[in-house]
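Heads up, the thing below is written out as structure tokens.
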Amino acid sequence: LSSSSAASDVYKRQISKWFYLSICIHDIDRFFCTINFFNFTLMNFPIISSLILLPTIGALFLLISKDKNSNTAKYVALFTSLVNLLISIYLWILFDPTTPNFQFIEDREWLKGFINYKVGIDGISILFIILTSLITPLCIISVNNTVKDRLRDFLIAILVMESLMIGVFCSLDLVIFYLFFEAGLIPMFLIIGIWGGTRRVYSAFKFFLYTLLGSVLMLVAIISIYWIAGTTDVNQLYELGIEEKYQNLLWLAFFSSFAVKTPMWPVHTWLPDAHVEAPTAGSVLLAAILLKMAGYGFIRFSLGLFPLASEVFTPLVYTLSLIAIVYTSLVALMQEDMKKLIAYSSVAHMGFVTLGIFTIQQQGIEGSIIQMISHGLVSAALFLCVGVVYDRMHSRLISSYGGIVTIIPKYSILFMLFTLAALGLPGTSGFIGEFLILMGVFKDNFLVAVIASLGVILGAAYMLWLYKRVVFGKLVNKDLTKMVDLNKSEYFILTCLAIPTLFFGFYPDPLINTIEVSVNDLINMYN
């Protein structure tokens with residue numbers, strides 16, 4: 001090699017190339033080892049517990065902080081909720097939608113022999129976590145104009161609620177689920193009772209008492225399940241099954257809690273009062289997230305644990321759902337208060353959800369999940385739209401408005417988008433959910449589907465009539481000329497809700513691909 005011949009120069013160049021290539025391969029190998037180690041670390045990192053605990057940590061920081069500045073409290077709460085949103089999105093990226101198994105499971109013994117802290121996610125629960133993480137920072141941003149007193153305490157309540165709501169969608173133990181499910185009602189009780197309207201105390205106690213009875217029955221059922229099966233672990237209960245002779249009573253006990261919180265007719269009367277008296281952010285959280293916890297419970301527990309009883313009581317659910325769809329739609333047509341109208345529309349939309357769940361059809365259950373996600377976005381936006389005009393005019397009466405399209409055009413356009421999404425216009429997320437639900441219902445029971453279709457017509461009637469009376473018509477109230485259009489924060493919030501409403505209306509594949517395998521596994525287990 002040390003000779004000066006041409007051949008030796010060729011050998012030198014070849015050896016240099018191979019030596020350089022071996023170094024590159026070694027470096028690439030080290031790079032991929034690092035990536036694999038990083039992924040392994042993330043897979044073993046308690047990411048779900050982080051999602052649950054982070055908002056509570058932010059709330060505790062606000063609680064012990066000596067800084068009483070409301071802006072500082074808002075920035076801390078907003079930063080905490082945004083970090084949680086980023087973590088939840090990253091969790092969705094890491095999630096494997098091709099397997100029906102629960103992922104990122106954390107299982108720790110809590111009370112020996114009885115309660116395990118067990119959390120995990122599947123394709124159904126991950127979407128509700130994303131929805132919760134998205135709505136919470138938007139609620140925090142919206143408090144600028146709606147909450148004037150004790151803002152720090154209000155933000156603490158919202159952050160604690162976020163922790164508890166995420167915990168509901170992650171729980172894989174019945175006792176842990178119950179604790180999260182019921183504890184989440186306490187911050188909402190305080191939000192309505194402290195920061196609500198003139199009848200806030202009455203509405204808060206009505207909300208609490210309605211939910212209490214069903215909650216007690218569900219707790220008795222959970223204790224009974226432990227006595228029957230020897231465990232409250234959801235995965236083990238899926239494998240073991242529950243004896244047929246116990247299923248009917250246990251199903252009714254769970255149903256009593258979920259029906260109130262959905263809410264189903266005739267135990268829905270607490271909802272309009274709670275919405276009317278709650279501050280805007282409270283109404284948004286109540287409609288967008290809290291109502292969905294009961295729908296999630298129907299899917300996860302009523303179908304998963306009590307399939308035989310679900311089959312027996314399907315006619316009951318169909319009947320109550322149809323009454324909710326038709327009756328509350330007619331009641332919505334008669335409302336003069338915008339918040340009450342939207343509250344009754346929520347009862348009708350959740351009637352579609354329960355209808356789709358108990359079809360036990362792929363399209364029906366998938367449609368119910370997508371409908372819940374869509375309703376979370378659209379109902380949140382509609383309550384925020386009501387809050388925008390209420391902050392300016394201090395009135396929720398429809399008769400106080402009219403002809404505002406030329407005064408606040410940006411608001412009118414976005415309000416129109418969410419109105420059309422609420423009535424299920426093709427091209428919006430509301431259409432995807434309702435269409436799939438009706439497909440599932442038509443497969444299962446033609447007559448029920450025909451009656452449910454009336455709800456679509458009535459929904460178009462009350463939503464379009466609301467929009468016509470508020471936005472179009474003559475400008476009778478001269479005080480409306482003083483209204484200003486959306487400010488930057490209001491425009492940002494509504495735009496953040498408008499984008500997914502339109503995106504999933506045209507391209508629902510990300511939602512369907514996420515839930516498809518889990519829903520199919522649930523149906524196979526049910527059958």
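Just a few scattered comments:
- For the range 325-340, 3J(HN,Hα) per residue [Karplus equation, 6.51 cos²θ - 1.76 cosθ + 1.60, θ = phi - 60°, Hz, x = Gly/Pro]: 5, 7, 5, 5, 5, 5, 5, 4, 4, 8, 6, 9, 9, 4, 5, 5
- Amide H to amide H distances under 5 Å link Gly473 with Gly403, where only residues 5 or more positions off or on other chains count and H is placed in the peptide plane.
- Accessible area expressed per residue, the chain, with surrounding protein chains retained (probe 1.4 Å, Å²): 42
- Dipole magnitude of the chain, debye to nearest 20 (Cβ charges: Lys/Arg +1, Asp/Glu -1, about Cα centre): 1760
- With a cut-off of 13 Å between beta carbons, the residues surrounding Ile222 carry a summed charge of -3, where Lys and Arg count +1 and Asp and Glu -1.
- Share of carbon and sulfur in the accessible heavy-atom surface of the chain [1.4 Å probe, %]: 68
- Of Gln361, Ile432, Ser379, farthest towards positive along the dipole that unit charges on Lys, Arg, Asp, Glu beta carbons give the range 306-433: Ser379
- Ordering of 150-157, 245-252, 369-376, 234-241 by packing [mean C-beta count within 10 Å, highest first]: 369-376, 150-157, 245-252, 234-241
- Here volume of the Cα convex hull per residue in Å³ was calculated from the structure, and among (i) 233; (ii) 187; (iii) 212 it sits at label (iii).
- Computed magnitude of the charge dipole of the range 62-109 (debye, nearest 20; Cβ of K, R +1, Cβ of D, E -1): 440
- Neighbourhood net charge (13 Å Cβ-Cβ; Lys/Arg +1, Asp/Glu -1) for Lys118: -4
- Note on the range 220-267 and the range 511-527: Cα centroid distance 21 Å, given to the nearest whole angstrom.
- With the charge dipole of the range 425-527 set up from +1 on Lys and Arg Cβ and -1 on Asp and Glu Cβ about the Cα centre, the Cα lying farthest toward the positive end among the listed residues Thr495, Tyr526, Val476 is that of Val476.
- Computed about its Cα centre, the charge dipole of the range 153-244 is approximately 660 debye, with only Lys, Arg, Asp and Glu carrying charge at their Cβ.
- Tail weight of P(r) past 17 Å, computed on alpha-carbon pairs of the range 184-268, percent: 57
- Sum of side-chain charges, Val331 neighbourhood, beta-carbon under 15 Å (Lys, Arg +1; Asp, Glu -1): -1
The values are calculated or read from the model by the stated rules, or taken from the named source; none is laboratory data. What you are looking at is a predicted structure, and each value in this text was computed from that prediction instead of being measured. Cβ atoms come from the backbone with ideal geometry, glycine included; neighbour counts cover every protein chain shown. Calculation scope for accessible area: heavy atoms of the full protein, side chains included, ligands and nucleic acids excluded. Shrake-Rupley method; radii C 1.70, N 1.55, O 1.52, S 1.80 Å.
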